[in-house]
1. Charges at C-beta only: +1 for Lys and Arg, -1 for Asp and Glu. How large is the resulting dipole of the chain about its Cα centre, in Debye rounded to 20?
2. Under a point spin-label approximation (7 Å from Cα along Cα-to-Cβ), what is the Asp146-Asp76 distance to one decimal in nm?
3. Could you identify which residue out of Phe74, Phe20, Phe66 has the top mean-square fluctuation in a GNM of the chain using Cα springs shorter than 10 Å?
4. How would Met1, Met111 line up from fewest to most surrounding beta-carbon atoms within 10 angstrom?
5. Tell me the label-point distance for the pair Tyr61, Ser113, using the 7 Å Cα-to-Cβ offset, in nm and rounded to one decimal.
6. Give the distance, in whole Å, between the Cα centre of the range 120-150 and the Cα centre of the range 55-113.
7. Looking only at Asn44, Asn92, Asn11, which one moves most when the chain is put into a Gaussian network model with springs between Cα atoms under 10 Å?
8. Using modelled amide H (1.01 Å from N, peptide plane; none on Pro or chain starts), what sits under 5 Å from the amide H of Ile37, excluding residues fewer than 5 places away?
Amino acid sequence: MTRILFVCHGNICRSPMAEFIAKDIVSKKGLSDRFEIASCATSNEEIGNDTYPQARKELQYRGVPFTKREARRFTDSDYRYYDRIYCMDHRNLDALMYMTDGDPDGKVALMLSVLGRQEDVSDPWYTGRFPATFDLLYDACSALIDSYLP
């Protein structure tokens with residue numbers, strides 16, 4: 001089983017969107033038994049809060065199932081448990097490098113690196129561009145899951 005963790009600042013917009021998109025992709029491909037997918041935050045700001053309403057609205061509009069959840073912060077045990085950890089932007093990447101003592105196991109990467117890009121996934125909480133964020137995350141999650149297939 002491959003364990004994937006998505007990380008953003010508050011765990012209410014980008015990382016839960018990526019989590020639910022990736023879960024939907026693996027479900028539609030009949031691969032749910034081969035992946036464990038989750039998300040978390042680098043900050044404490046939104047701990048306990050559900051996915052942001054506009055993120056839920058975009059997921060619903062696109063037909064991606066989601067569940068009620070609570071934002072949580074990255075822990076040392078997450079680093080040990082997950083095989084790959086994808087950060088939504090360079091700020092999150094820097095935070096995880098600090099939190100993991102430099103990523104000694106080489107598990108941490110930028111989300112868009114799966115598309116061969118080293119740019120950030122902009123935070124729609126600030127930009128309001130939830131459809132554009134969804135499209136970018138869908139492309140990245142599709143490429144990520146496909147990279148594990150023969």
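1. 500 debye
2. About 4.0 nm, to one decimal.
3. Maximum among the listed residues: Phe66.
4. Met1, Met111
5. So the two model labels end up 3.1 nm from each other.
6. The range 120-150 and the range 55-113 have Cα centres separated by 12 Å.
7. Asn44
8. Sorted by chain and number, the residues that satisfy this are Ile4.
Readers should treat all values here as calculations from the given coordinates under stated rules, not as data from a laboratory. These numbers were taken from a predicted model, which means no experiment stands behind them. Every residue, glycine among them, receives a Cβ derived from its backbone with ideal geometry; neighbour counts consider all protein chains shown.
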